Amino acid sequence: MQTSLDVQYIVELLPILLKYLGVTMEMALWGFFFALILAVVLAVIKVFKVPLVHQAAGLFISFFRGTPLLVQLFLLYYGLPHYIPALAGMDAFTAAVIGLSLHFAAYMAESIRGAILGIDKSQMEACLSIGMTRLQGMFRIILPQASRVATPSLMNYFIDMIKSTSLAFTLGVAEIMAKAQMEAASSFKFFESFLAVALIYWAVVVFFTRIQHIVETRLNKAY
Amino acid sequence: MITVQNLSKSFGQNQVLKDISFEVNAGEIVVIIGPSGTGKSTLLRCLNYLETPTSGSVEIGTAKVDAACATNKQISSLRKQSSFVFQNYSLFANKNALQNVAESLITVWKEPKKAALEHAQTILKQVGLADKADQYPSQLSGGQQQRVGIARAMASKGEVILFDEPTSALDPEWVEEVLVVMKELARQKQTMIVVTHEMQFAKEVADKVIFMEGGHIVETGTAKQIFDNPEHNRTKAFVARAAKNALTSFDSSML
Ligand SMILES: Nc1ncnc2c1ncn2[C@@H]1O[C@H](COP(=O)(O)OP(=O)(O)O)[C@@H](O)[C@H]1O
Ligand SMILES: [Mg+2]
């Protein structure tokens with residue numbers, strides 16, 4: 001049994017793993033981008049209580065919050081293509097991005113909806129009073145104000161999403177976690193390999209948490 | 001130009017407006033007075049469909065909406081015929097003064113952005129705030145915010161501007177500057193319906209005064225009739241009380 005930590009191994013492994021950080025970040029950024037769009041759409045549907053669609057949105061949110069991300073990824077990548085042949089050609093990266101988007105959209109929709117409901121209702125009345133439609137009021141006045149309120153929690157979700165991309169290795173995406181797993185399997189230095197990948201995730205999260213604080217300070221200053 | 005017929009509004013079991021009917025001609029300044037909780041705000045909000053009346057019809061300019069068969073299209077055209085000045089200003093918090101005024105020109109009237117901003121600037125100038133164009137609402141005093149609110153209402157090209165106690169939320173020092181702007185609008189024959197406790201303002205500019213109580217219009221007349229020679233006892237009592245308050249207190253918010 002190996003007793004001492006092989007620091008040398010970790011130091012040499014870090015640059016190798018870092019080459020795969022790009023894939024991880026790409027997944028997180030695309031995932032967040034699509035999640036944000038979908039979340040705004042879902043939140044607006046729920047706030048306006050659009051008939052029928054509103055119930056569908058509720059069901060969507062309930063399902064994607066109520067089941068594990070890993071199960072959702074498996075359903076999407078290994079399950080659905082059996083029934084929807086068009087999905088059979090989907091690569092693992094795309095599947096991971098779609099899965100992350102759907103999952104996080106469900107959470108982000110709730111936080112955006114909360115932010116919208118927190119905006120004083122006189123703001124929408126002012127929109128209507130000058131002849132704007134509800135939709136115009138929503139996109140020009142309410143959402144810009146709500147986005148300020150929601151930004152800190154949305155950034156939390158982004159950070160959470162970066163960590164969640166590690167699940168994509170189970171679909172076979174060659175991201176940083178997959179590489180660490182491969183290195184561990186060939187060197188048998190499991191602890192060192194996974195410690196190295198943990199350190200990288202940690203550094204990335206600390207970096208984005210710093211950015212989050214800067215953004216929050218800025219937001220508190222603006223108008 | 002404005003015809004309100006048999007307008008009623010209930011919140012649940014609570015009937016707040018009871019069969020209200022009146023007319024306003026183009027260029028008229030109508031002041032609505034009455035005790036609080038009487039339904040004055042609700043009436044104004046129904047005129048703009050910020051509240052949906054339970055029954056009755058509202059006609060402003062070319063738009064007519066009957067509560068029994070109101071369509072979204074009718075409501076939206078009704079809203080374009082009027083604009084609203086809120087007691088608590090309700091300026092768009094994420095827009096500066098100029099953008100607040102330009103918003104309807106851009107989104108509703110589809111003016112090109114540059115023209116809309118220039119247009120908005122001339123309206124801001126009319127309310128004496130040309131130099132505050134780039135200030136956000138939180139950076140303006142109450143009086144300045146309400147003047148931007150009036151400018152925003154002016155820009156929206158409605159036939160009538162509805163004022164719901166525009167000076168009630170203001171510190172006394174800012175009341176006068178807002179009244180000055182409103183008097184100037186009155187001089188230009190801008191049609192207005194004003195809910196207010198400023199009796200002096202009513203006497204000076206109102207073509208018609210409506211006294212409301214308990215969801216009814218009790219009495220309608222010229223300012224002279226209502227203040228100097230009211231027919232109904234209830235009107236008499238209210239006017240007397242208002243006059244007494246004005247004498248004994250410099251704080252108009254106590255009314
Ligand atoms: N959104 C609402 N829901 C329930 N009751 C309301 C609502 N708005 C106003 N009311 C009630 O209607 C009555 C009239 O209110 P309002 O129109 O604000 O009177 P005023 O402006 O004359 O003071 C009050 O009793 C008030 O409690
Ligand atoms: Mg009121």
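The values are calculated or read from the model by the stated rules, or taken from the named source; none is laboratory data. Here the structure is a predicted model, which means the values were calculated and not measured. Reconstructed Cβ throughout: ideal geometry from the backbone, glycine too, with neighbour counts over all protein chains shown. We work out accessible area using only protein heavy atoms, side chains counted, and drop any ligands, DNA or RNA first. Shrake-Rupley method; radii C 1.70, N 1.55, O 1.52, S 1.80 Å.
Points to keep in mind about this one:
- Listed here are the strands (runs of 3 or more DSSP E) enclosed by region B:151-255 that have at least 2 residues being touching a His at 6+ places or on another chain (Cβ under 8 Å): B:216-221.
- The residue of region B:30-47 that is nearest to B:LYS208 (Cα to Cα), among those that are within 12 Å of ligand 1 (Cβ to nearest atom) and not in a helix (DSSP H, G or I), is B:ILE32.
- Among (1) within 16 Å of ligand 2 (Cβ to nearest atom); (2) open to solvent by 30 Å² or more (accessible area, probe 1.4 Å); (3) over 24 Å from B:GLU204 (Cα atoms), the one test that B:SER55 misses: (1)
- In the set A:LEU143, A:LEU87, only one residue is in a helix (DSSP H, G or I), over 18 Å from the mean Cα position of the chain (by Cα) and away from every other protein chain (no Cβ under 14 Å); that residue is A:LEU87.
- Being away from every other protein chain (no Cβ under 14 Å), more than 25 Å from A:LEU219 (Cβ to Cβ), buried (at least 23 other Cβ atoms within 10 Å of the Cβ) and at pLDDT 95 or above is a property that does not hold for A:ALA180.
- Condition check for B:MET192 on (1) under 15 Å from the mean Cα position of the chain (by Cα); (2) farther than 29 Å from B:ASP19 by Cα: one failure, at (2).
- Within the option set A:GLY66, A:GLY58, A:GLY89, being open to solvent by less than 50 Å² (accessible area, probe 1.4 Å) and of a type in the set (Gly, Ala, Ser) holds for one residue only, A:GLY58.
- Residues in region B:149-166 that are within 16 Å of ligand 1 (Cβ to nearest atom) and open to solvent by less than 10 Å² (accessible area, probe 1.4 Å) were compared, and the one that is farthest from B:ALA26 (Cα to Cα) is B:PRO166.
- Number of the condition not met by B:PRO230 [criteria: (1) closer than 17 Å to B:GLU28 by Cα; (2) away from ligand 1 (no atom under 16 Å from the Cβ); (3) in contact with a Lys or Arg (Cβ under 9 Å, 6 or more places away or on another chain)]: (1)
- If you go through region B:112-132 and keep only what is touching a residue at least 12 places away in the same chain (Cβ under 8 Å) and either small (Gly, Ala, Ser) or open to solvent by 20 Å² or more (accessible area, probe 1.4 Å) (or both), you end up with B:ALA116, B:LEU117, B:HIS119, B:ALA120, B:GLN121, B:GLN126, B:GLY128, B:LYS132.
- Flag if B:GLY12 is near ligand 1 (Cβ under 9 Å from one of its atoms) and surrounded by fewer than 17 Cβ atoms within 10 Å (Cβ to Cβ): yes
- Some residue of region A:190-201 being in a helix (DSSP H, G or I), more than 10 Å from chain B (Cβ to nearest Cβ) and among the β-branched types (Val, Ile, Thr): yes
- Conditions (1) assigned to a loop (DSSP other than H, G, I, E, B); (2) away from ligand 2 (no atom under 16 Å from the Cβ); (3) within 13 Å of chain A (Cβ to nearest Cβ): number failed by B:GLY27: (3)
- Entry remark, region B:168-204: residues being more than 14 Å from chain A (Cβ to nearest Cβ), within 16 Å of ligand 1 (Cβ to nearest atom) and either open to solvent by 10 Å² or more (accessible area, probe 1.4 Å) or within 25 Å of A:MET132 (Cα to Cα) (or both) number 6 in total.
- Residues (within 14 Å of chain A (Cβ to nearest Cβ) and surrounded by fewer than 23 Cβ atoms within 10 Å (Cβ to Cβ)) located in region B:133-148: B:ASP134, B:GLN135, B:TYR136, B:PRO137, B:SER138, B:GLN139, B:LEU140
- Complete set of residues in region B:34-45 that are out of contact with any helix residue (DSSP H, G or I) (no Cβ under 9 Å at 6 or more places or on another chain) and either polar (S, T, N, Q) or more than 10 Å from ligand 2 (Cβ to nearest atom) (or both): B:SER36, B:THR38, B:SER41, B:THR42
- Being within 16 Å of ligand 1 (Cβ to nearest atom) and aliphatic (A, V, I, L, M) is a property that B:ALA242 has.
- Only residues that are surrounded by fewer than 23 Cβ atoms within 10 Å (Cβ to Cβ) and within 12 Å of chain B (Cβ to nearest Cβ) were counted across region A:106-130, and they come to 8.
- B:LEU17 vs. criteria more than 14 Å from chain A (Cβ to nearest Cβ), part of a helix (DSSP H, G or I) and of a type outside the set (Ser, Thr, Tyr): no
- Enumeration of residues in region A:40-84 that are within 20 Å of A:ALA168 (Cβ to Cβ), in a helix (DSSP H, G or I) and β-branched (Val, Ile, Thr): A:VAL71
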